[in-house]
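S.K.: First the structure, then my questions, so here it is.
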Amino acid sequence: MNPLVADYLAYVQYRHSKTGYERDPAKLCAKLGIQYAAGPRSMANYGPPAMIVVRHEEFGSRRLFTVAHEVAHILMRRGRYHGKILHQHASVSDMKRHTERLADFAAGLLLMPEPDVLAARLLHKETPAAVLHLMKLSGASEGAAMRRWAWQDTGASRGVFVAEGNYISDLTACNMRLPVSRWQRVPEVALHHPEVAAMSLGGSRLMGVVSW
């Protein structure tokens, strides 16, 4: 991982730790000194003063990825990473998409902080049950929990995929090439790939975790 990006993500986690790893949107914003309000549409003002507005119908949500995403943007600016990223990554063809993806990754850290990842690993080791545990704790989507699990340690090799029927519908991997690829037809995954820790998600869906 790029050292600047790694430093930014470490900063996000440090600031989050100082809030006691708060996930409730209103409480998290209050602890970070960010104004939080309901409005006709979702928006953010990076300040000062920093403000996040969410739609009225979402204001009561205790777990909201959009708020975590905007908090990540605000911390990117507070920590003076935004300008450095624009300068150091100037060769990136779509800078807006690049910074949005970084904010998405950081939002995953806010929704599924390190203590949750450690608890999931302690209870379920390197299995799909650990990913489902993260989803239950945080309210995050399946895709977000898969990526948080796969990328929890950028120095390790770990991947997660989901199969629907006989086809791979989603996957993510850090420092490794998974034994399957998206939309690949793989009947009986566990039989053909014994290195995969597999688990049925119900119906014809299956999740697999690979690590070494």
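The values are calculated or read from the model by the stated rules, or taken from the named source; none is laboratory data. Predicted, not measured: the structure shown is a model, and the values here were computed from it. All Cβ positions, glycine included, derive from the backbone under ideal geometry; neighbour counts span all protein chains shown. SASA here: full protein model, heavy atoms, side chains in, ligands and nucleic acids out. Shrake-Rupley method; radii C 1.70, N 1.55, O 1.52, S 1.80 Å.
S.K.: For the pair TYR21 and ALA129, what calculated FRET efficiency results from E = 1/(1 + (r/R0)^6), where r is the Cβ-Cβ distance and R0 = 30 Å, to the nearest 0.05?
M.R.: It comes to 0.85.
S.K.: Same structure, new question: Quick check for the chain: number of Lys pairs with alpha-carbon distance under 25 Å, counting only pairs 8 or more apart or on different chains?
M.R.: Value for the chain: 8.
S.K.: Further, regarding this structure: ARG101 to ASP170: FRET efficiency via 1/(1 + (r/R0)^6), r the Cβ-Cβ distance, R0 22 Å, to the nearest 0.05?
M.R.: Here the calculated transfer efficiency is 0.85.
S.K.: Taking a probe of 1.4 Å, how large is the accessible area per residue of the chain, in Å²?
M.R.: 51 Å²
S.K.: Another question, then. Go ahead and estimate [θ] at 222 nm for the chain from helices alone: -39,500 (n - 2.57) per DSSP H run with n ≥ 4, summed, over the residue count, rounded to 500.
M.R.: Result for the chain: -13500 deg cm²/dmol, rounded to the nearest 500.
S.K.: While we're here: How large a share of the accessible area of the chain, in percent, is made up of carbon and sulfur atoms when the probe is 1.4 Å and the other protein chains stay in place?
M.R.: Answer for the chain: carbon and sulfur cover 54 percent of the accessible area.
S.K.: If you filter the range 12-120 for trypsin sites (Lys or Arg not before Pro), then keep DSSP loop positions with at most 12 other Cβ within 10 Å, what is left?
M.R.: Within the range 12-120, the qualifying trypsin sites (Lys or Arg not before Pro) (loop, at most 12 other Cβ atoms within 10 Å) are LYS18, ARG41, ARG62, ARG80.
S.K.: How long is the gain from GLN184 to LYS84 if the chain were fully straight, where each residue apart is worth 0.36 nm and the alpha carbon distance is subtracted?
M.R.: Here the segment from GLN184 to LYS84 would lengthen by 32.1 nm.
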